[in-house]
Structures are given as structure tokens and as C-alpha cells.
Amino acid sequence: CSTKLCSEAGIDKDRHTFYAQNIRYVGGFYGNCSEEAMIRELQQGPIEVSIYSDFNEFNNYKGGLFDYDYTHPQHSDHIVVLVGYGYDELRNPITGEKITQPFWKIKNSFGREWGENGFMRLIRGKNLLNIESEAEVADPYIIPGLYWPDVSKLKKKERSIITAVILLSVLTFVLLMSTVILGVYACRQIKTKTGYKSVVSSDGTYQAGQFESN
């Protein structure tokens, strides 16, 4: 195929299929991932991270800032999308002192019923669930004219809409002026040489500005 908009068998793919190129490790190479490098990559968009997830606390997460202490190192077994980061204001339950806690925000593949509408916020800076150990990023591959609108067509459509609005405004003005002119003409035709034409109603005749009973 001339573009990547097809399978290996040469069959056209759906236009909603997205592509990526230049897949690489965050930090430049495997093992060099860090919190700072991940934040830099997030400025360009979401990134992929590998985490440890095979335990009940993770699978049953309902919401809130997630933290977990495990005694032995665990291997990553699940991939999620890291979509953002931030800070949460907590309060020490003993001293009452406010604590600013940095966190990551990930999107899982378990559906909207899991976590916070399909998302999780977890402690940042302690490599929780191995999240800061291995992350990957890819540059999007954009096929010209496939996803983004044609600017020239948009401008042409915009000019057509403006022209239609102007013509409609002119037509409305002409109709309005025609109505006014016809109204003035009709009023002038009521007056005759001897006075005013009679306008008969159910209870009398209106003539020369006065009512006369029948």
C-alpha cells in the first residue's frame, strides 16, 4: 500500500484506526525511567506504563488516593495508560497537619465501574506498583488528509454560509420594505374625492373618523 492505511494483505482499514511510530522507552533506554522523565513526556500526551496489579486491593479499588505496602518486590504484569499527575491535600490523622501528596493518574482497561470512572489516582514518587520503573511512549503517525479536516474545504464552506446569510438578510429587508409600501398605498386608497370610503362593521359604519349606527 502507498500508506499505512491498510493491512499486510492490502485490505483497507477503518478510518478510525490510529497509528504510532518511533516507540521508545521513557528516559531513552530500558532502566532509565524516572518521575521527571515521565512528567516531561506527559506534556506531549498520555504514555504507557507497566505495573504490578495481581492483588485484591488493586482489582477492588473504588476510589481515592491509592497506596499499598508490599514486603517483597513484584514483577509488572499489567499495562495501563498514564494520563496525568497532580497534588492532593491530605491531613495527618494524628497531628492534623496538612500534607501535600503528589500522585499519578492512570486509566485502566477494566471499564467505568472500576475505580473513579475507570481511572485511578496513586501515590507518586515511591515507584508504587513499579509505575516509575518502565514506561514507553510513541509518536503518533498522522496520515495526511485522513484524520484532520481539509482547511481549503472548510474555508469554502465558510464562504458559502456567509453568502447565504447575506442573501437571506437582503431578501428579508426587501420583503419588509414591500410590506410597508403596500400598507401605505392601501391607506392612501381609502380616501376619496368626497371624503373616506365606508368600512362597514357588524355594529355600524365607520366614515370620516366617526361611527354611524345603521
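The values are calculated or read from the model by the stated rules, or taken from the named source; none is laboratory data. What you are looking at is a predicted structure, and each value in this text was computed from that prediction instead of being measured. As a convention, Cβ positions derive from the backbone with ideal geometry for all residues, glycine included, and neighbour counts pool all protein chains shown.
Quick notes on this one:
- Annotation note: of D77, D88, the sole residue that is more than 16 Å from N59 (Cα to Cα), among the charged types (D, E, K, R) and touching a strand residue (DSSP E or B) at 6+ places or on another chain (Cβ under 9 Å) is D88.
- Restricted to strands (runs of 3 or more DSSP E) entirely inside the stretch 108-214, those with at least 1 residues that are more than 30 Å from H75 (Cβ to Cβ) and at pLDDT 60 or above are 135-141.
- Of all residues making up the stretch 37-61, the number that are out of contact with any strand residue (DSSP E or B) (no Cβ under 7 Å at 6 or more places or on another chain) and surrounded by 10 or more Cβ atoms within 10 Å (Cβ to Cβ): 10
- Checking R91, R121 one by one, the residue that is of a type outside the set (S, T, N, Q) and buried (at least 16 other Cβ atoms within 10 Å of the Cβ) is R121 and no other.
- Selected residue (criterion: surrounded by the most Cβ atoms within 10 Å (Cβ to Cβ)) from residues of the stretch 72-88 that are hydroxyl-bearing (S, T, Y) and not in a loop (DSSP other than H, G, I, E, B): Y85
- Figure legend. Inter-residue proximity from the stretch 64-88: first residues over 15 Å from I47 (Cβ atoms), second residues among the charged types (D, E, K, R) and in a strand (DSSP E or B), beta-carbon distance below 9 Å, spacing 6+ or different chains. Indicated pairs: G64/E116; G64/R121; L65/D88; L65/R121; F66/R121; G86/K105; G86/R121; D88/R121.
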